[in-house]
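First the structure, in the form of C-alpha coordinates, and then the observations on it.
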Amino acid sequence: QVQLVESGGGLVQAGGSLKLSCVASGSTLGSYSMGWFRQAPGKEREFVAAINKYSAETIYADSAKGRFTISRENAKNTVYLQMNNLKPEDTARYYCAATFLTAQVMSSKQRGDYWGQGTQVTVSS
(Lines give C-alpha, C1' and ligand atoms only; values in the text may rest on other atoms or scores of the structure.)
Protein backbone atom coordinates (compact mmCIF):
# COMPACT_ATOMS: atom_id res chain seq x y z
CA GLN A 1 0.00 0.00 0.00
CA VAL A 2 0.95 3.64 -0.26
CA GLN A 3 0.43 6.66 1.98
CA LEU A 4 -0.14 10.04 0.33
CA VAL A 5 0.37 13.52 1.78
CA GLU A 6 -0.70 16.66 -0.07
CA SER A 7 0.66 20.16 0.40
CA GLY A 8 0.74 23.53 -1.34
CA GLY A 9 -2.81 24.74 -0.90
CA GLY A 10 -3.67 28.21 0.28
CA LEU A 11 -5.59 31.40 -0.35
CA VAL A 12 -5.06 33.20 -3.66
CA GLN A 13 -6.82 35.85 -5.70
CA ALA A 14 -8.56 35.00 -8.93
CA GLY A 15 -6.02 34.81 -11.72
CA GLY A 16 -3.29 33.62 -9.41
CA SER A 17 -1.41 30.34 -9.33
CA LEU A 18 -0.66 27.52 -6.93
CA LYS A 19 1.37 24.35 -7.21
CA LEU A 20 0.18 21.37 -5.22
CA SER A 21 2.44 18.48 -4.27
CA CYS A 22 1.65 14.92 -3.25
CA VAL A 23 4.39 12.82 -1.69
CA ALA A 24 4.04 9.06 -1.50
CA SER A 25 5.53 6.78 1.12
CA GLY A 26 5.32 3.07 1.83
CA SER A 27 5.69 2.24 -1.84
CA THR A 28 7.26 3.66 -4.98
CA LEU A 29 5.22 6.20 -6.91
CA GLY A 30 6.14 4.60 -10.21
CA SER A 31 3.94 1.61 -9.40
CA TYR A 32 0.78 3.72 -9.61
CA SER A 33 -1.22 5.93 -11.85
CA MET A 34 -1.85 9.16 -9.94
CA GLY A 35 -4.66 11.65 -9.91
CA TRP A 36 -6.05 14.80 -8.37
CA PHE A 37 -9.64 15.20 -7.28
CA ARG A 38 -11.42 18.02 -5.51
CA GLN A 39 -14.47 18.46 -3.34
CA ALA A 40 -16.24 21.68 -2.49
CA PRO A 41 -18.65 22.01 0.45
CA GLY A 42 -22.03 20.52 -0.39
CA LYS A 43 -20.77 18.96 -3.61
CA GLU A 44 -19.55 15.55 -4.63
CA ARG A 45 -15.91 14.79 -5.26
CA GLU A 46 -14.93 15.48 -8.86
CA PHE A 47 -12.04 14.43 -11.04
CA VAL A 48 -9.48 17.07 -11.95
CA ALA A 49 -6.47 15.42 -13.59
CA ALA A 50 -4.60 12.13 -13.77
CA ILE A 51 -1.31 10.79 -15.06
CA ASN A 52 -0.60 7.21 -16.07
CA LYS A 53 2.11 5.03 -14.71
CA TYR A 54 4.75 3.98 -17.26
CA SER A 55 3.62 6.26 -20.10
CA ALA A 56 2.98 9.51 -18.19
CA GLU A 57 -0.07 10.12 -20.40
CA THR A 58 -2.29 12.79 -18.86
CA ILE A 59 -6.04 13.33 -18.71
CA TYR A 60 -7.82 16.49 -17.61
CA ALA A 61 -11.33 17.45 -16.69
CA ASP A 62 -12.79 20.06 -19.02
CA SER A 63 -12.66 22.59 -16.20
CA ALA A 64 -8.91 22.07 -15.87
CA LYS A 65 -7.81 21.98 -19.50
CA GLY A 66 -5.57 24.85 -20.48
CA ARG A 67 -5.10 25.99 -16.88
CA PHE A 68 -3.85 23.00 -14.86
CA THR A 69 -0.91 20.70 -15.47
CA ILE A 70 -0.29 17.39 -13.74
CA SER A 71 3.22 15.98 -13.65
CA ARG A 72 5.22 13.41 -11.74
CA GLU A 73 8.77 12.91 -10.56
CA ASN A 74 9.01 9.25 -9.72
CA ALA A 75 12.53 9.60 -8.32
CA LYS A 76 11.10 11.98 -5.69
CA ASN A 77 7.93 9.94 -5.17
CA THR A 78 6.00 13.12 -5.91
CA VAL A 79 3.14 14.15 -8.16
CA TYR A 80 2.31 17.82 -8.81
CA LEU A 81 -0.64 19.87 -9.90
CA GLN A 82 0.30 23.27 -11.30
CA MET A 83 -2.79 25.48 -11.27
CA ASN A 84 -2.78 28.73 -13.22
CA ASN A 85 -5.43 31.37 -13.81
CA LEU A 86 -7.37 30.19 -10.80
CA LYS A 87 -11.06 30.99 -10.56
CA PRO A 88 -13.36 31.20 -7.53
CA GLU A 89 -15.08 28.02 -8.71
CA ASP A 90 -11.78 26.19 -8.22
CA THR A 91 -12.21 26.62 -4.47
CA ALA A 92 -12.24 23.13 -2.94
CA ARG A 93 -10.25 20.67 -0.95
CA TYR A 94 -7.88 18.92 -3.34
CA TYR A 95 -7.06 15.24 -2.86
CA CYS A 96 -4.28 13.13 -4.26
CA ALA A 97 -5.11 9.56 -5.24
CA ALA A 98 -3.25 6.49 -6.45
CA THR A 99 -4.41 3.43 -8.33
CA PHE A 100 -2.89 0.27 -9.74
CA LEU A 101 -5.13 0.83 -12.76
CA THR A 102 -5.05 3.66 -15.32
CA ALA A 103 -5.54 7.39 -15.53
CA GLN A 104 -8.49 6.69 -17.81
CA VAL A 105 -10.19 4.72 -15.05
CA MET A 106 -9.55 7.53 -12.57
CA SER A 107 -11.30 9.92 -14.94
CA SER A 108 -14.21 7.77 -16.04
CA LYS A 109 -14.92 6.02 -12.74
CA GLN A 110 -13.83 8.73 -10.30
CA ARG A 111 -11.64 6.02 -8.83
CA GLY A 112 -8.69 5.95 -6.52
CA ASP A 113 -7.44 3.04 -4.45
CA TYR A 114 -5.46 5.16 -1.99
CA TRP A 115 -6.18 8.72 -0.89
CA GLY A 116 -4.44 11.55 0.89
CA GLN A 117 -6.05 13.81 3.47
CA GLY A 118 -6.30 16.76 1.10
CA THR A 119 -5.12 20.35 0.95
CA GLN A 120 -7.43 23.35 0.85
CA VAL A 121 -7.43 25.74 -2.10
CA THR A 122 -9.43 28.94 -1.74
CA VAL A 123 -9.68 31.45 -4.58
CA SER A 124 -11.06 34.89 -3.82
CA SER A 125 -12.72 37.18 -6.35
Response to the item:
Checked segment 31-46 for anything open to solvent by 10 Å² or more (accessible area, probe 1.4 Å) and more than 12 Å from residue 92 (Cβ to Cβ); matches are 31
Discussion item. So, in segment 18-45, exactly how many residues are over 13 Å from the mean Cα position of the chain (by Cα), among the basic types (Lys, Arg) and more than 21 Å from residue 108 (Cβ to Cβ)?
Written reply: 0
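Tell me which residues, restricted to segment 79-100, are surrounded by fewer than 16 Cβ atoms within 10 Å (Cβ to Cβ) and within 23 Å of residue 28 (Cβ to Cβ).
Of the residues in segment 79-100, the ones surrounded by fewer than 16 Cβ atoms within 10 Å (Cβ to Cβ) are 82, 84-85, 87-89, 100.
Residues satisfying the conditions are 82, 100.
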Worksheet item: Just a yes or no: is a residue in segment 71-94 touching a Gly at 6+ places or on another chain (Cβ under 6 Å) and at pLDDT below 95?
Response: yes
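What number of residues within segment 7-30 satisfy the criterion of being in a strand (DSSP E or B) and open to solvent by less than 20 Å² (accessible area, probe 1.4 Å)?
Residues of segment 7-30 in a strand (DSSP E or B): 7, 10-13, 18-25.
If we keep only those that are open to solvent by less than 20 Å² (accessible area, probe 1.4 Å) too, we end up with 20, 22, 24.
Final tally of qualifying residues: 3.
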Worksheet item: Out of the residues in segment 51-78 that are of a type in the set (Gly, Ala, Ser) and under 19 Å from residue 17 (Cα atoms), which is most open to solvent (accessible area, probe 1.4 Å)?
Response: 66
Discussion item. Which numbered condition in (1) on the phi > 0 side of the Ramachandran plot; (2) at pLDDT below 95 is the only one that residue 66 fails?
Written reply: (2)
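The values are calculated or read from the model by the stated rules, or taken from the named source; none is laboratory data. Please read all numbers here as calculations on a predicted model, not as lab measurements. All Cβ positions, glycine included, derive from the backbone under ideal geometry; neighbour counts span all protein chains shown. We work out accessible area using only protein heavy atoms, side chains counted, and drop any ligands, DNA or RNA first. Shrake-Rupley method; radii C 1.70, N 1.55, O 1.52, S 1.80 Å.
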